[in-house]
Amino acid sequence: MFIVSLTYIKPPEEVDKFNLEHVEFLNKYYELGYFQLSGRKEPRTGGVILVTIDSRAVLDQILKQDPFYREGLANYEVTQILPTKSSQELEFLIEI
């Protein structure tokens, strides 16, 4: 599992031009079951995506499809985590 933290490196008005396309990108990977949670940071300096996928190489290829990446609008910090404890609602995220 990975936590992807995006930090905008361009002004919000430039980011906003690609929001719809970014949401379509997110929707595609939610439908495939890879993305579990996402949202904006507060204050609005970027966003976070919780990704359930085994391969960092595959994740890197997915992230290159994000219009924010393609347009050079954000930096991406990727952290791999191995969940060992959760609430009952999130037990499906625990890796055995």
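Rg and Dmax, both from the Cα atoms of segment 2-93 and both in Å, are 13.4, 40. The trypsin sites (Lys or Arg not before Pro) of segment 17-96 that DSSP puts in a loop, and whose beta carbon has at most 15 other beta carbons within 10 Å, are 17, 41, 44, 64, 85. Extension gain for residue 17-residue 41 works out to 6.8 nm (0.36 nm per residue, less the C-alpha to C-alpha distance). Each Lys and Arg contributes +1 and each Asp and Glu -1, all at the Cβ; summed about the Cα centre of the chain, the dipole is approximately 180 debye.
Counting only alpha carbon atoms, the long axis of helix 19-31 and the longest principal axis of the chain meet at about 20°. Annotation: segment 32-78 has a Kirkwood hydrodynamic radius of 11.6 angstrom, from the mean reciprocal C-alpha pair distance.
Bear in mind that the values in this text are calculations on the coordinates, not laboratory data. Everything numeric here is computed off the predicted structure, so don't read it as measured data. Note: ideal-geometry Cβ built from the backbone for every residue, glycine included; neighbour counts use all protein chains shown.
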